[in-house]
1. How shielded is A:14-23 by partner chains, expressed as the average number of their Cβ atoms within 10 Å of its Cβ atoms?
2. For the range B:2-100, what does the accessible surface come to per residue with a 1.4 Å probe? Please give it in Å².
3. Within the protein assembly as shown, what whole-number % of the accessible surface is contributed by carbon and sulfur, with the 1.4 Å probe and all protein chains included in the calculation?
4. Sort A:THR19, A:THR66 by accessible area with a 1.4 Å probe, largest first.
5. How big is the accessible area of B:LYS18 in square angstrom, nearest 10, if you roll a 1.4 angstrom probe over the protein chains?
6. I need the fraction of alpha carbon pairs in the range A:2-100 separated by more than 19 Å, rounded to a whole percent.
7. Quick check on chain A: helices-only [θ] at 222 nm, where DSSP H runs of length 4 and up contribute -39,500 (n - 2.57) each and the sum goes over total residues. Nearest 500, please.
8. Heavy atoms only, probe 1.4 angstrom, no DNA, RNA or ligands counted: give me B:LYS54, A:LYS56, A:LYS65 ranked by accessible area, highest first.
2 protein chains.
Amino acid sequence: MEENFESIADVYKALGDKTRLRIMALLSHGELCVCELVGALSMSQPSISQHLRKLKQAGLLKERKTAQWVYYSLDVVKFPLLEDIVRALPDVAQEYQALLSQGLGTRCNVSL
Amino acid sequence: MEENFESIADVYKALGDKTRLRIMALLSHGELCVCELVGALSMSQPSISQHLRKLKQAGLLKERKTAQWVYYSLDVVKFPLLEDIVRALPDVAQEYQALLSQGLGTRCNVSL
DNA sequence: CTATAATATAAGTAAATTGTTATATAACGA
DNA sequence: TCGTTATATAACAATTTACTTATATTATAG
């Protein structure tokens, strides 16, 4: 019981950051690789990787590795309420489409 | 748009603490005064007051002052999703009933 | 094999968080 | 009015968080 509140708090702690919320909003439209998120959020790559790790540790994201890319996507299994939560976020469909129009993963060869 | 993510993040930040989640779970059954929460959670009075302030600043609680007591209750108006969020918390009906059975507010005269 | 791109991790730092104790404020009761 | 109860706030210490820069890891391309 005590333990339960703790692990649920960890979920909300993971969501309690505007950068991570923007990541969740983008991923609600589909999976994205790290470098695409770096481009979309204009933050440093280590910072994005660390945010993704937190979201993954909270059980909110899953990853899929292909070639040199790691694609992240929402994982609604462990926390079904997540669907409603991301639905309540500001819409970022336009930003997501902008990423797609450049070709998934393939336009990440920008200088770090 | 940027601003929006920030204020939503503040809500989840407020929920990202196990003590505050326990407070929300208790208040989901009805309003309680500060000293009742102090008794239920066995934490210091200043600590509880500070947690309540955070929840209130995030727009999740409202307060009602009567005599020397301040009663807090859930405020689902600004953030409708809150109803689903508290419903997903562990049940504390038993703890809440234990508080009520001692007489609302009236059994708070314990030594600080 | 080597250079490069994508990602992760480590170390360091500044800022935010959470508890504590001490004190202020305000209402009540004798 | 005086002492007590309920609550809030201030000041401080310990911990956690969120960046930064530097480096490690892994896959790919040539």
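1. Counting Cβ atoms of other protein chains within 10 Å of each residue's Cβ and averaging gives 5.
2. The answer is 49 Å² per residue.
3. In the protein assembly as shown, the share of accessible area belonging to carbon and sulfur is 50 percent.
4. A:THR66, A:THR19
5. Ignoring ligands and nucleic acids, B:LYS18 comes out at about 70 Å².
6. Percentage above 19 Å: 38.
7. -15500 deg cm²/dmol
8. Order by accessible area, largest first: A:LYS65, B:LYS54, A:LYS56.
The values are calculated or read from the model by the stated rules, or taken from the named source; none is laboratory data. In this text, all values refer to a predicted model and were calculated from it rather than measured experimentally. A quick note on method: Cβ atoms are made from the backbone with ideal geometry, for glycine too, and the neighbour counts reach across all protein chains shown. Protein only, heavy atoms only, side chains kept; ligands, DNA and RNA dropped before computing areas. Shrake-Rupley method; radii C 1.70, N 1.55, O 1.52, S 1.80 Å.
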